[in-house]
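J.: There's a structure below that I have some questions on.
Rule-based calculations on the coordinates, nothing more; no lab input. Worth saying up front: this structure is predicted, and the values here are computed from it rather than measured. Note that each Cβ is placed from the backbone with ideal geometry, even for glycine, and that neighbours are counted across all protein chains shown.
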Amino acid sequence: MDRDLFAGFLGAVICLMGSAAAENRPESEDARLARGHQIAMSVCSACHAVPSAHSPILREQAPALRRIANKPSTTPTSLAAFLRSPSHKMPDPQLTDEMIDAVVGYTVSLRDRR
C-alpha cells in the first residue's frame with residue numbers, strides 16, 4: 001500500500017512539474033490570438049462588434065474591431081498605447097499588459113488581407 005501511495009504522489013509531482021514548465025514556455029501565436037479573442041468577447045464586445053459575438057449592447061456602438069484593425073493609423077504600438085490610456089469616449093477596460101498584448105494581437109489579426 002505504501003508503494004501505491006508513493007507512486008501516486010510521484011505521478012502528481014511529475015504532472016505538476018510538467019504544467020509549471022509549460023507555463024514558462026512562450027505562448028504560441030495561435031494560443032495568444034485565441035486568448036485575445038476570448039478577452040475581446042468578454043470585455044470589448046459590450047461596445048465593439050467582435051467577430052463571433054452578439055451585437056454590442058450599447059445604443060451608440062463603438063467601431064467594430066475589424067474597422068479599427070483596418071485603419072491606416074492602427075499599429076500594434078498605437079493600439080497598445082491607446083488601451084493603456086483610453087480616451088474620454090472609452091472607459092478604461094482595466095486590462096493587464098498581457099491582456100493588452102493578446103487583444104492587440106487579435107485585433108491586428110483581423111486586418112483584411114490585401
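J.: Using mean Cβ contacts within 10 Å as the protection proxy, how do 78-87, 32-41, 63-72, 104-113 order, highest first?
T.: Per-residue Cβ counts within 10 Å, averaged per peptide and sorted highest first, yield 32-41, 104-113, 63-72, 78-87.
J.: So, in nm, how far is label Arg67 from label Ser52 when the simple model puts each one 7 Å beyond its Cα toward the Cβ?
T.: Simple spin-label model gives 2.3 nm for this pair.
J.: While we're here: Rounded to the nearest whole Å³, what is the per residue volume of the convex hull around the Cα atoms of segment 28-109?
T.: So the per-residue hull volume is 90 Å³.
J.: Here is a follow-up. Let me check against my output: what whole-number percent is the relative contact order of segment 28-109, with C-alpha pairs under 8 Å and at least 6 apart?
T.: About 41 percent, as a whole number.
J.: What FRET efficiency would be calculated for the residue pair Ala31, Lys89, taking the C-beta separation as r and a Förster radius of 25 Å, to the nearest 0.05?
T.: Plugging the Cβ-Cβ distance into 1/(1 + (r/R0)^6) gives 0.20.
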